[in-house]
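Written out below as C-alpha cells is the structure these notes cover.
The values are calculated or read from the model by the stated rules, or taken from the named source; none is laboratory data. Everything numeric in this text was worked out from a predicted model, so none of it was measured. Here Cβ is always computed from backbone atoms with ideal geometry, including for glycine, and neighbour counts include all displayed protein chains. Each accessible area value is taken on the protein alone, full model and side chains, heavy atoms only, with ligands, DNA and RNA left out. Shrake-Rupley method; radii C 1.70, N 1.55, O 1.52, S 1.80 Å.
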Amino acid sequence: MTGRGNGTRLYIYMQLVACTGARRANRETRLSPPPSVALREQARERLFGSVWTRDLNDVFADVAPYYDRANYVASLGLWNWFLGRFMATIELRPNQRVLDVCAGTNAVGIALLRREPSLEVHAMDRSAAMQEVGRQRAQAKGLSVHSTIGDVHELPFPDKELFYRENPQM
C-alpha cells in the first residue's frame with residue numbers, strides 16, 4: 001500500500017469524524033429556522049442578479065448539446081443509478097400532470113414518461129437551448145414534454161395545478 005492510499009484513508013476518516021461531530025452538534029444545539037423565502041430571494045438577487053440575468057443563459061446554451069454526457073462523466077458513470085434512485089421515490093398515477101423544474105434536457109421528464117406513458121409532463125427551465133435538446137431527446141423516443149422557458153422562482157402555473165408526490169414509504 002502506498003503512502004498516498006493511507007493519506008486518502010486518513011482524509012476520509014477525518015471527514016467522517018467531522019460529519020459525525022456536526023450531526024451531534026446539530027442534535028444538541030437548537031438551530032434557528034431558515035430565513036423566509038422573500039429574504040432568500042432578495043439575497044439571491046443581490047448576490048447573483050447580474051450572473052443570473054446576463055451570463056447563465058449563455059453558459060447553458062454552450063453546454064446544452066453535451067450536458068447529458070457531462071452529467072454521466074461528472075457522476076463517475078453513476079448518473080443512471082442516481083436517476084433510478086430518484087425515480088424510486090416518485091409515486092405516479094395514470095394521466096397525472098407533473099412539473100419538472102430546472103428540467104435541463106428533460107432527463108427526469110423522459111424517465112417519468114417511460115415509466116407511465118399516460119402522464120402529462122411539463123418541464124420548466126430558464127434555458128431555451130437546454131429545453132430544445134430535451135425536446136429533441138423526448139421526440140426521438142416518441143415522447144412529448146411540454147416546455148416552459150422561465151425562472152422557476154416565479155412559476156407561471158396556478159397553485160395546485162401541477163402535482164407530484166414523493167413515495168411516503170421511502
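Which number in (1) open to solvent by less than 100 Å² (accessible area, probe 1.4 Å); (2) of a type in the set (A, V, I, L, M); (3) part of a loop (DSSP other than H, G, I, E, B); (4) at pLDDT below 75 marks the one condition that Ala103 misses?
(4)
Looking at region 51-77, which of its residues are in a helix (DSSP H, G or I) and among the small types (Gly, Ala, Ser)? Break it down into steps so the answer makes sense when it comes.
Narrowing region 51-77 to residues in a helix (DSSP H, G or I): 51-74.
Of everything in region 51-77, those that are in a helix (DSSP H, G or I) and among the small types (Gly, Ala, Ser) turn out to be Ala61, Ala64, Ala70, Ala74.
Looking at (1) exposed (fewer than 14 other Cβ atoms within 10 Å of the Cβ); (2) part of a strand (DSSP E or B), find the lone condition where Asn80 falls short.
For Asn80, the exception is condition (2).
List the pairs whose first member sits in region 119-136 and is more than 18 Å from Arg69 (Cβ to Cβ) and assigned to a loop (DSSP other than H, G, I, E, B), whose second member is of a type in the set (D, E, K, R) and open to solvent by 20 Å² or more (accessible area, probe 1.4 Å), and whose Cβ atoms are under 9 Å apart, counting only residues at least 6 apart or on separate chains?
Leu119/Arg93; Leu119/Arg97; Arg126/Asp151
Out of (1) surrounded by 12 or more Cβ atoms within 10 Å (Cβ to Cβ); (2) charged (D, E, K, R); (3) more than 21 Å from Gly109 (Cβ to Cβ), what's the single condition that is false for Glu91?
All conditions are met except number (3).
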